Structures are given as structure tokens and as C-alpha cells.
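What follows is one structure encoded as C-alpha cells, with my remarks underneath.
The values are calculated or read from the model by the stated rules, or taken from the named source; none is laboratory data. Model, not experiment: these values are computed from the prediction. Please note: Cβ atoms are built from the backbone with ideal geometry, for glycine as well, and neighbour counts cover all protein chains shown.
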Amino acid sequence: MTYKKDKYNLLIPNYCECLEIPLIFSGAYRVLIFLKEDGKVIQKVSTTERVYDARKVTEVFTTFENEKVFFHDIPIKYIFEKHNQSNKLAIIFSGIYKDEFRGIKDAAKYNYIRTLEPIKVNKLFILDNYFGKFCYYLGEDGNSIYESATLALITNIMNQLNISKEDVFTIGSSKGGTAALYFGLKYSYPNIATQILLWAHHRFFQENI
């Protein structure tokens with residue numbers, strides 16, 4: 001890589017050339033380049049963060065700034081909203097959108113971000129996006145790889161916040177409600193909030209179609 005002087009007389013990379021760094025493990029990477037002159041650091045250049053999936057040998061892109069990627073064999077996207085004054089954790093699972101039924105790749109969306117905005121607790125929104133398609137937070141062809149990754153993410157956040165299972169709430173509707181029940185019952189999270197009035201919900205839409 002070559003460098004050129006900018007208007008402040010500092011060295012900056014010549015981006016006409018590329019710095020290739022082979023990656024072996026999945027994860028988020030950021031490259032720091034320190035430029036020295038006569039043994040003294042005169043400038044530090046930082047690349048943007050890039051997320052790499054070694055299993056698929058591909059880069060994982062996030063949709064917006066506060067979306068993150070957690071790796072546990074596979075990548076799983078999430079949004080974590082921390083509230084320092086709370087010892088509660090709400091886990092929000094997503095329902096299915098019509099574009100997902102149509103087979104459109106990466107059509108999954110987060111649920112209830114705006115709805116839950118006034119609620120002052122720690123919130124973990126988890127996306128159900130198994131390599132571009134939904135899997136009910138479980139996996140594919142009988143495997144439970146997405147379930148394992150989801151549980152690992154939840155456990156990681158709980159450990160960071162020092163939150164016990166008694167202070168965890170699983171939340172969702174439709175497919176997200178199924179996931180909230182599944183994870184809540186299987187992994188002993190006692191506070192489960194789901195859409196329970198199924199007949200009333202569907203009858204409303206039938207009468208208004």
C-alpha cells in the first residue's frame with residue numbers, strides 16, 4: 001500500500017490499492033493501521049467494522065447502525081437496547097412477514113421496537129434469519145443450530161448484565177409467540193408474553209377483508 005499527503009500534511013492510504021488480509025475465523029473485524037515516521041506514530045487509520053462468516057466464506061452485512069451480529073457456529077443478527085437502571089431483560093422474537101412466505105431472501109424484520117420504546121428495561125430483539133430465510137429460531141432439516149445460537153446470544157447478554165432467569169421476559173406474536181413459548185418453557189424463563197387470543201385475532205381480520 002502506498003500513501004500520499006493530505007491537505008493537513010498527514011499521510012493517508014492510497015485506496016487505489018487494496019490491503020488483503022486472509023480471515024480464518026468468523027467474527028467482526030476492524031483493521032488499525034499505524035503510520036510511523038522516524039519511529040514515531042504520526043497517524044492512525046481505522047477501517048470500518050466488517051463481519052465475516054467463515055462457514056459460508058462471505059461477508060455478513062447489517063441493515064442499520066445499531067444492528068449487531070453474534071456468532072455461535074452461525075451468524076445471528078440482533079439489536080440490544082441497554083437500560084442501566086433496570087435488572088430486567090425483555091427478549092423479543094419476530095413474526096413472519098409476507099415477503100418471507102414469497103421466498104424473498106433476507107426479508108425478516110424486527111417486531112415491536114417502537115411499541116416497546118417507552119418500556120424502560122433492557123431489550124434484546126433477535127432476528128429469525130437463517131441464511132436468508134425463516135426457521136422459527138430452530139434450524140433446518142432437523143438440526144437445532146439456530147436454536148443453539150439464539151440461546152448462546154441470550155446467555156451472553158444475561159451474563160453481561162448479571163441478570164437471572166427470573167428477570168427474563170420472552171415476548172412475541174405469531175411465529176414470534178411460538179418462539180417465546182418455546183424458549184420460555186424449554187429454558188425456564190418464567191415470564192412469557194405472547195398473543196393468546198388467536199381466534200379473536202383471526203376473526204377480526206376475516207371480518208374486515
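Quick grid of which residues meet (1) of a type in the set (A, V, I, L, M); (2) under 18 Å from Val60 (Cβ atoms); (3) not in a loop (DSSP other than H, G, I, E, B):
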| residue | (1), (2), (3) |
| --- | --- |
| Ala107 | yes, yes, no |
| Tyr110 | no, yes, no |
| Arg114 | no, no, no |
| Lys120 | no, no, no |
| Leu124 | yes, no, yes |
| Tyr136 | no, no, no |
| Gly142 | no, no, no |
| Leu151 | yes, no, yes |
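Each residue in the range 48-105 was checked for being part of a strand (DSSP E or B), under 20 Å from Phe125 (Cβ atoms) and of a type in the set (Asp, Glu), and 2 of them qualify. Taken over the range 149-184, the residue count meeting the criterion of being aliphatic (A, V, I, L, M) and surrounded by fewer than 16 Cβ atoms within 10 Å (Cβ to Cβ) is 1. Taking into account only those residues within the range 21-67 that are among the aromatic types (Phe, Trp, Tyr) and closer than 23 Å to Lys109 by Cβ, which is modelled with the lowest pLDDT? Per the stated criteria, the residue is Phe61. When Leu124 is tested against (1) in contact with a strand residue (DSSP E or B) (Cβ under 7 Å, 6 or more places away or on another chain); (2) at pLDDT below 95; (3) of a type outside the set (Val, Ile, Thr), exactly one condition is not met: (2). On inspection, Val41 does not qualify as exposed (fewer than 14 other Cβ atoms within 10 Å of the Cβ), outside the structural domain of Pro22 (by TED's automatic domain parsing) and either over 21 Å from Thr150 (Cβ atoms) or without any contact (Cβ under 8 Å) to a residue 24 or more places away in the chain (or both).
If a residue has to be hydroxyl-bearing (Ser, Thr, Tyr) and either farther than 22 Å from Pro190 by Cα or not assigned by TED's automatic domain parsing to the domain that holds Gln160 (or both) to count, how many in the range 79-114 make the cut?
Counting residues in the range 79-114 that are hydroxyl-bearing (Ser, Thr, Tyr) and either farther than 22 Å from Pro190 by Cα or not assigned by TED's automatic domain parsing to the domain that holds Gln160 (or both) gives 2.
Among the residues here, Gly132 does not qualify as free of Cβ contacts under 8 Å to residues at least 60 places away in the same chain, more than 15 Å from the chain's Cα centre (by Cα) and closer than 18 Å to Arg55 by Cα.
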